[in-house]
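Participant: Here it is, the structure in full.
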Amino acid sequence: MRIAVVGAGIGGLAAAAGLQRAGAQVAVFERAAEVRAAGSGLSIFANGLRALEFLGLGEQFAAVTDKRVESFTAGQRRPDGRWIAEVPSDSVGELRIVDRADLHRILLNALDEGTVRTSAEVTSAGDDGTLALRSASDPSMHPDAELTEYFDLIVGADGLHSRVRDSVQLGIGSRYSGYSCWRGITDRPVDLAGAAGETVGRGLRFGIAPLKDGRVYWFAVANMAQNATFADEKSAVRDLFARWHAPIAELIASTRADRIQRTPIADLSTPLSSYVSGRVVLLGDAAHAMTPNLGQGGGQALEDAATLTALLAPSVDRTQVDHSQVDRALECAHIDRALERYDGLRRKRSQAIAKRSRTLGALFQLESPTLAGIRNAILSAVPSRLIAFQAASVQKWAPPKL
Ligand SMILES: Cc1cc2nc3c(=O)[nH]c(=O)nc-3n(C[C@H](O)[C@H](O)[C@H](O)COP(=O)(O)OP(=O)(O)OC[C@H]3O[C@@H](n4cnc5c(N)ncnc54)[C@H](O)[C@@H]3O)c2cc1C
């Protein structure tokens, strides 16, 4: 089976790794000149860990992360450092914090050499498996010339503003949440005194997550216009959180200015009515871009990749066995059924998580002192059993059984 994966993000690389391992001929098309992780750190919960294990990458991931974060005191704090709600460590379940660069390296190393074609921008995808692209790295081609290739399946893993999704008219577009997020990883270890989690103010939030080597992944969220600009991003985030509890100022100070990035937070304006159109299937942010309030966008992309691999593996096998004797129509019917099942398994779950994530974001970014006070009172009253139940409903997941 010839499969094109559009986009070398977490979702595209994970799907490519799984499908290639299952025996498919996979080509990944990435428009950037180089495959690189966007952002800095990433939280991966039990569901993402199960997906990585299914894809055969559990050991490699375990080598660059550790359990330490699970023993930290977590929950929500006030800007002066007093806890609003401490979440018992056993209610969060499994959690790992990874440097995105490490995860990208693991995913990339899982692929055969030459699988990823960089500087290859897909301009459209047809539901018959036609892919049109511009390849800036091919010296024999004029940079504006378009190339057409045909595949048995196109996996659209090209993120929030997916060209593949637009080509097959599956989606409407994105919407800005009203807040943007700075992210960074400190250049050196910083002592967190055993406490991590989020600190919530009014229209402002700061998150702290320790990496295995003692460096710290942090994020700072602030309400602002989507097109807000700052002369100096590091000074802007430092000034906004200057009076917040330790070690927030130290975390920002110990991060190189050119490693601090700000991202306007957006999700899909309308949930898609399908993740599949003919021989095009969407995955990751292309299918269900969500706000990061539950730390689940990457985890959901990994679940998508594992699910697609599990469902397509038998078809890949069949096409390999003896192509000449297999009834082509039957083969197509198997693939169609696998894609239908993928849509059924993935759409409801990922869209429900996206919705919950957006609601949580609205709650955490409240600006009104009265409403923020009510929120804090509610947070401190929620029993830990309920927190554990809520967390488990998102994080409990296993790949499909055939
Ligand atoms: C602030 C923030 C914090 C987050 N924190 C977490 C977290 O803690 N845990 C978690 O699980 N998730 C988190 N997420 C979400 C997570 O980052 C995303 O869900 C995940 O990276 C999506 O991966 P993807 O592969 O679907 O898309 P992307 O990472 O967007 O990758 C898409 C790729 O496609 C390429 N591309 C785009 N268009 C084309 C084209 N036309 N042709 C060829 N290539 C193309 C792009 O260059 C890119 O490489 C966070 C997101 C944000 C913004």
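Participant: All but one of (1) out of contact with any Gly (no Cβ under 8 Å at 6 or more places or on another chain); (2) exposed (fewer than 15 other Cβ atoms within 10 Å of the Cβ); (3) touching a residue at least 60 places away in the same chain (Cβ under 8 Å) hold for Asp128; state the number of the condition that does not hold.
Facilitator: Of everything listed in (1) out of contact with any Gly (no Cβ under 8 Å at 6 or more places or on another chain); (2) exposed (fewer than 15 other Cβ atoms within 10 Å of the Cβ); (3) touching a residue at least 60 places away in the same chain (Cβ under 8 Å), Asp128 misses just condition (1).
Participant: Now, a different point. So which residues in segment 264-276 are among the polar types (S, T, N, Q) and touching a helix residue (DSSP H, G or I) at 6+ places or on another chain (Cβ under 9 Å)? I'd like the intermediate steps shown before the answer.
Facilitator: Here is the first cut: in segment 264-276, the residues among the polar types (S, T, N, Q) are 269-270, 273-274.
Of everything in segment 264-276, those that are among the polar types (S, T, N, Q) and touching a helix residue (DSSP H, G or I) at 6+ places or on another chain (Cβ under 9 Å) turn out to be Ser273, Ser274.
Residues checked against (1) hydrophobic (A, V, I, L, M, F, W, C); (2) touching a residue at least 60 places away in the same chain (Cβ under 8 Å); (3) over 30 Å from Glu331 (Cβ atoms); (4) in contact with a helix residue (DSSP H, G or I) (Cβ under 7 Å, 6 or more places away or on another chain):
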position	(1), (2), (3), (4)
Ala14	yes, yes, no, yes
Arg21	no, yes, no, no
Glu34	no, yes, yes, no
Val87	yes, yes, yes, yes
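Participant: If we keep just the residues of segment 71-85 that are touching a helix residue (DSSP H, G or I) at 6+ places or on another chain (Cβ under 7 Å) and not in a helix (DSSP H, G or I), which is nearest to Phe364 (Cα to Cα)?
Facilitator: From segment 71-85, those touching a helix residue (DSSP H, G or I) at 6+ places or on another chain (Cβ under 7 Å) are 71, 74, 76, 84-85; that's our starting set.
Of the ones still in play, those that are also not in a helix (DSSP H, G or I) are 74, 76, 84-85.
Working: Ala74: 16, Gln76: 10, Ile84: 13, Ala85: 13 Å.
Restricting to residues being touching a helix residue (DSSP H, G or I) at 6+ places or on another chain (Cβ under 7 Å) and not in a helix (DSSP H, G or I), the top hit is Gln76.
Participant: For segment 191-211, name all the residues that are surrounded by 18 or more Cβ atoms within 10 Å (Cβ to Cβ) and in a loop (DSSP other than H, G, I, E, B).
Facilitator: If the condition is that a residue be surrounded by 18 or more Cβ atoms within 10 Å (Cβ to Cβ) and in a loop (DSSP other than H, G, I, E, B), then Leu192, Ala196, Gly201, Gly203, Leu211 are the ones that fit.
Participant: For segment 147-176, what are the residues that are surrounded by fewer than 14 Cβ atoms within 10 Å (Cβ to Cβ) and over 26 Å from the mean Cα position of the chain (by Cα)?
Facilitator: Answer for segment 147-176, where residues must be surrounded by fewer than 14 Cβ atoms within 10 Å (Cβ to Cβ) and over 26 Å from the mean Cα position of the chain (by Cα): Leu147, Thr148, Tyr150.
Rundown of residues vs (1) more than 12 Å from the ligand (Cβ to nearest atom); (2) charged (D, E, K, R); (3) modelled with pLDDT of 95 or more; (4) under 18 Å from the mean Cα position of the chain (by Cα), yes/no style:
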{"position": "Gly178", "(1), (2), (3), (4)": "yes, no, yes, no"}
{"position": "Arg188", "(1), (2), (3), (4)": "yes, yes, yes, no"}
{"position": "Phe206", "(1), (2), (3), (4)": "yes, no, yes, no"}
{"position": "Tyr217", "(1), (2), (3), (4)": "no, no, yes, yes"}
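Participant: Could you please find all residues in segment 274-286 being near the ligand (Cβ under 8 Å from one of its atoms), of a type in the set (A, V, I, L, M, F, W, C) and outside any loop (DSSP other than H, G, I, E, B)? Step through it out loud before you land on a result.
Facilitator: We begin by selecting, within segment 274-286, every residue near the ligand (Cβ under 8 Å from one of its atoms); these are 283-286.
Add one more test, that the residue is of a type in the set (A, V, I, L, M, F, W, C), and what stays is 283, 286.
Ala286, the sole residue that qualifies.
Participant: Here is a follow-up. Do we have any residue at all in segment 381-389 that's crowded, with 18+ Cβ neighbours inside 10 Å and either touching an Asp or Glu at 6+ places or on another chain (Cβ under 7 Å) or of a type in the set (A, V, I, L, M, F, W, C) (or both)? Quick ask: steps written out before the conclusion?
Facilitator: The first filter runs over segment 381-389 and keeps only residues crowded, with 18+ Cβ neighbours inside 10 Å, leaving none.
No, segment 381-389 has no match at all.
Participant: Would you point out the residue of segment 34-89, among those that are within 15 Å of the ligand (Cβ to nearest atom) and polar (S, T, N, Q), that is farthest from Gln395 (Cα to Cα)?
Facilitator: My answer is Ser40.
Participant: Select from segment 1-18 the residues that are outside any helix (DSSP H, G or I) and within 11 Å of the ligand (Cβ to nearest atom) and list them in ascending order.
Facilitator: Selection gives Ala4, Val5, Val6, Gly7, Ala8, Gly9.
Participant: Mind listing whichever residues of segment 225-246 are part of a loop (DSSP other than H, G, I, E, B) and of a type in the set (A, V, I, L, M)?
Facilitator: Residues satisfying the conditions are Ala225, Ala228, Ala231, Ala242, Ala246.
Participant: What is the number of the single condition among (1) among the basic types (Lys, Arg); (2) surrounded by 21 or more Cβ atoms within 10 Å (Cβ to Cβ); (3) away from the ligand (no atom under 12 Å from the Cβ) that Arg21 does not meet?
Facilitator: Of the numbered conditions (1) among the basic types (Lys, Arg); (2) surrounded by 21 or more Cβ atoms within 10 Å (Cβ to Cβ); (3) away from the ligand (no atom under 12 Å from the Cβ), the odd one out for Arg21 is (2).
Participant: Further question: Of the conditions (1) outside any loop (DSSP other than H, G, I, E, B); (2) within 14 Å of the ligand (Cβ to nearest atom), Gly159 satisfies every one except a single condition; which number is it?
Facilitator: Condition not satisfied by Gly159: (1).
Participant: Report, by residue number, each residue of segment 24-33 that is among the hydrophobic types (A, V, I, L, M, F, W, C) and near the ligand (Cβ under 8 Å from one of its atoms).
Facilitator: Across segment 24-33, the qualifying residues are Phe29, Ala32.
Participant: Return only the number of the condition from (1) within 26 Å of the chain's Cα centre (by Cα); (2) surrounded by 16 or more Cβ atoms within 10 Å (Cβ to Cβ) that Leu360 does not satisfy.
Facilitator: With respect to (1) within 26 Å of the chain's Cα centre (by Cα); (2) surrounded by 16 or more Cβ atoms within 10 Å (Cβ to Cβ), Leu360 is out only on (2).
Participant: Still on this structure, I have one more. Cβ contacts < 8 Å: first residue over 16 Å from Ala85 (Cβ atoms) and at pLDDT 95 or above, restricted to segment 355-384; second residue among the aromatic types (Phe, Trp, Tyr) and surrounded by 12 or more Cβ atoms within 10 Å (Cβ to Cβ), any location; separation 6+ or different chain. Result?
Facilitator: If the second residue must be among the aromatic types (Phe, Trp, Tyr) and surrounded by 12 or more Cβ atoms within 10 Å (Cβ to Cβ), the pairs left are Gly361/Tyr179; Gln365/Tyr179.
The values are calculated or read from the model by the stated rules, or taken from the named source; none is laboratory data. None of these values were measured; they are calculated from a predicted model. Neighbour counts are summed over all protein chains in view; Cβ atoms, including those assigned to glycine, are modelled from backbone coordinates with ideal geometry.
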